[in-house]
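Heads up, the thing below is written out as structure tokens.
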Amino acid sequence: AKWTNLGQDAITSLRKWVKSSEWNFSNKLYLLEAEFYFLREDDERAMVCYHASIKAAREHRFVHEEGLAEEKTATYLLHKSRHDEAMGHFVNAKKCYEVWGAY
């Protein structure tokens, strides 16, 4: 419960920050919300938020954060035994990290 509460507090903070700079914080908020929904076993909302995080990071050119969102999506899908889909997201994450300069 302690970590869940900390996560909820972070979501509350990010929602405020998104109001001042959606460009900078929206992908981070979506990813944190996705992880929250993952913990709550709300699969539909989790996937919506994972994909929104990937899309926002890509659109705002945060390639390293796009990679992180792809990686977290893949981990979620592995947990759900959706191995083929997970592999696609891991491959995408690797591509993002390479573009970012991590080898």
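The values are calculated or read from the model by the stated rules, or taken from the named source; none is laboratory data. Nothing here was measured: the structure is a model prediction, and the numbers come from that model. Backbone-built Cβ (ideal geometry, glycine too); neighbour counts: all protein chains shown. In case anyone asks, the SASA skips ligands and DNA or RNA and just uses the protein heavy atoms, side chains included. Shrake-Rupley method; radii C 1.70, N 1.55, O 1.52, S 1.80 Å.
Quick one: compute the contact order of the chain, relative version, from alpha carbon pairs under 8 angstrom and 6+ residues apart, as a percent.
Values: 109 pairs, mean separation 19.5, N = 103.
This gives 19 percent for the chain.
Comparing L31, L78, L68, which has the greatest mean-square fluctuation in the GNM of the chain with Cα pairs linked when under 10 Å apart? Result: L78 has the largest fluctuation of those listed. In this view, the solvent-accessible surface of W100, computed with a 1.4 Å probe and all protein chains in place, comes to about 140 Å². Heavy-atom accessible area with a 1.4 Å probe sorts V48, V91, V99, V63, largest first, into V99, V48, V91, V63.
Within region 13-64, which trypsin sites (Lys or Arg not before Pro) sit in a loop by DSSP and count at most 10 neighbouring Cβ atoms inside 10 Å? Numbers along the way, then the final one.
Numbers: sites: R15, K16, K19, K28, R40, R45, K55, R58, R61; in loops: R40, R61.
Answer in residue order: R61.
Taking each residue as 0.36 nm, the span from L6 to S81 lengthens on full extension beyond its C-alpha to C-alpha distance by 24.2 nm.
Springs between Cα atoms under 10 Å define the GNM used for the chain, and in it the highest mean-square fluctuation of Y76, Y30, Y50 occurs at Y76. Values of log10 I(q)/I(0) for the chain across q = 0.10, 0.14, 0.18, 0.24 Å⁻¹ run -0.27, -0.52, -0.84, -1.25, by the Debye formula with one identical scatterer at each alpha carbon and no solvent. Kyte-Doolittle cut-off -1.0, length cut-off 27 Å along the helix's own axis using Cα: show which whole DSSP H helices in the chain pass. Span-like helices here: 2-20. Pairs of Lys residues in the chain, spaced 8 or more positions apart or belonging to different chains, with C-alpha separations under 14 angstrom: 7 in total.
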